[in-house]
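Everything below concerns the one structure shown next.
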Amino acid sequence: MQSSPSLHSIAVCFPMPLNGYTSSTVQINLRRLSQLNHLKAFTCFAQNSFGASFNSISLTEASQSFTSLIQLCTEEKSSIDVGKIQTHMIKSGFYLNIGNKLMDAYVKCGRVKDARQVFDELPNKHIVTWNSMISSYTSLKRSKEAIGLYERMVLEGVLPDEYTFSRVFKAFSDLGIVLEGRRAHGLSVVLGLEVLNVFVGSALVDMYAKFGKLRDARLVMDRFVKKDVVLFTALIVGYNQHGEEGEVLQVFGKMINEGIKANEYTTASILISCGNLKDPRKGKLVHGLAIKSGFESAVASQTSLLTIQMIRISIIPNSFSLSTALQACSKLAKLEEGRQIHGIATKLNLDTDKYVSVALIDMYGKCGNTEMARSVFDALIEFDVVSVNSMIYSYAKNGFACEALELFNTMKDLVLEPNDVTFLNVLLACNNAGLVEEGCRIFASIHGAVDMAERVVNRALELAPEDERTYALLSKHCASSGNWNQFIEVKSAMKEMKLKKISAMNSVDIKKDVHTSKAEYWSHQKCEKISEMLVELIEKVKKYGFYS
DNA sequence: ATAGGGTTAG
């Protein structure tokens, strides 16, 4: 055996015969002491010893040492070493006993193909083996393969258990396969696994919610006797993502009533709902409740998170809570609070986080502070389409058309592919600055934009024929493509159906008070003064030739 | 031996 100095010293200080117990203990200790070189050397030494003396150690010992070796390789993500161990296992006849662990090691090293090969070679697969393989596919979002395995196991007469179902529902929801998802739900009911296990339940609720079938999601949850916070949160998230703020609050209230405390997952969703409600008072109430129920037992820290109403929460915020809090700030026009959250984000080194930074750029952009938006943008280490789009939007919204176009042109140098939002923002920039030619040129460069708009509108009419937004979209499209006859048709159809576009609302933060105004609806106590001022402003703008 | 819910641009 070729011996390095450390290998040699280990061999010398280790006179007793190596077995599974001793080897795993030594390995774990070396690891704990961060003696990685020694660990490597010892592992090599142990492998060589095992290779020579397999016959003399018991089955349990060998399994244990293999298990611990596999575990080490997994932690180090060293698939090459997993391969070496596999060879040893096959040689010594231990392959089948702990094949599942080996499979798992391959998965964790990112070698799914090898894992699958081990899986296929294992005869008489245990339910856990099936579940692990399915799980490795779902965790990599390879949902088709996960479902394929699920279907195969059912065909082979292996009954799925609660672990299988909780993952398989996820795969169905990922792919949006409603019918098959329902069928699997049916099987779980027949097998008596549906309402007994919250893991199955939350996966089911999540699946139906992602299908947009909130009623089914609700029915599943209502059937549970012993609910937990995850089950509730899955439903809350579902309602939240479908814009059902009222239901969010209702389910949230139910959760509190049943004595279940919210956690940061729940609060993230509640915060977004509060923002979407556009009702600072109600938002404040619910937010306060969320905090009270969720965080009174939370770990104390020096940092405080300032949100919708500067409420202090004694937990360390992460990128999730910061970005949701910022989202709420920008929707409720809470610039001051947004600034303070920015400060906290900087302190925590989270201001360059993918999600937090976009929320910051968006917040500053919406509040008219393009400079701050840009400084957040400039501090980014990596750009992606979303961050660039947000910056373009900030420019566009605040009238900096040249800067918006310049950034748009730089996207090519950054090897970033513009998407629909990019074009929308760039066109918005042209629109705001009256750059008609530039706008037309860019619009013409988008592949079949007018045709696509028509297809989209028709599809929207199929999917949501009674949604006033669909008609608003359609009428806008007709107008923009110059199809005035159809425009009149759409408008009269809207009249007949008594559909009216929901008025836009605008909020602004002045000296920590949020003032809200609505198109064609004057309710502000100083509305007379405001309209006087408006007339004045319009006169001024006319003088400069900017008003037609 | 295996497991669940959250954050980005208009």
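The values are calculated or read from the model by the stated rules, or taken from the named source; none is laboratory data. Since we're looking at a predicted model, the values are computed, not measured. So basically every Cβ, Gly included, is an ideal-geometry build from the backbone, and we count neighbours across all protein chains shown. For the accessible areas, the whole protein counts, side chains as well, though only heavy atoms, and no ligand, DNA or RNA atoms are used. Shrake-Rupley method; radii C 1.70, N 1.55, O 1.52, S 1.80 Å.
Couple of notes before you dig in:
Residues checked against (1) of a type in the set (Asp, Glu); (2) in a loop (DSSP other than H, G, I, E, B):
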position	(1), (2)
A:Tyr395	no, no
A:Ala404	no, no
A:Leu407	no, no
A:Phe423	no, no
A:Ala429	no, no
A:Glu437	yes, no
A:Cys440	no, no
A:Phe443	no, no
A:His447	no, yes
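- In region A:230-251, the residues that are open to solvent by 30 Å² or more (accessible area, probe 1.4 Å) and either closer than 17 Å to A:Lys210 by Cβ or within 11 Å of DNA strand B (Cβ to nearest atom) (or both): A:Val230, A:Val237, A:Gln241, A:His242, A:Gly243, A:Glu244, A:Glu247
- Of A:Met372, A:Met411, A:Met391, all but one fail to be under 26 Å from A:His342 (Cβ atoms) and touching a Pro at 6+ places or on another chain (Cβ under 9 Å); the exception is A:Met411.
- Qualifying residues in region A:374-395 (those that are crowded, with 19+ Cβ neighbours inside 10 Å, away from DNA strand B (no atom under 11 Å from the Cβ) and not charged (D, E, K, R)) - the one farthest from A:Ala429 (Cα to Cα): A:Val376
- Residue in region A:316-334 that is within 7 Å of DNA strand B (Cβ to nearest atom), surrounded by fewer than 21 Cβ atoms within 10 Å (Cβ to Cβ) and at pLDDT 80 or above present: yes
- Scope region A:74-84; condition modelled with pLDDT of 75 or more and crowded, with 20+ Cβ neighbours inside 10 Å; matching residues: A:Asp81, A:Val82
- Of the helices (runs of 4 or more DSSP H) lying entirely inside region A:116-194, not one carries at least 2 residues that are within 10 Å of DNA strand B (Cβ to nearest atom) and without any contact (Cβ under 8 Å) to a residue 24 or more places away in the chain.
- Per the conditions (1) touching a Phe, Trp or Tyr at 6+ places or on another chain (Cβ under 6 Å); (2) surrounded by fewer than 18 Cβ atoms within 10 Å (Cβ to Cβ), the sole criterion not satisfied by A:Asn257 is (1).
- Answer residue from region A:409-420, given it is assigned to a loop (DSSP other than H, G, I, E, B) and either of a type outside the set (A, V, I, L, M) or free of Cβ contacts under 8 Å to residues at least 12 places away in the same chain (or both) and is nearest to DNA strand B (Cβ to nearest atom) among those: A:Asn419
- Subset of region A:343-373 [in a loop (DSSP other than H, G, I, E, B), acidic (Asp, Glu) and away from DNA strand B (no atom under 11 Å from the Cβ)]: A:Asp351
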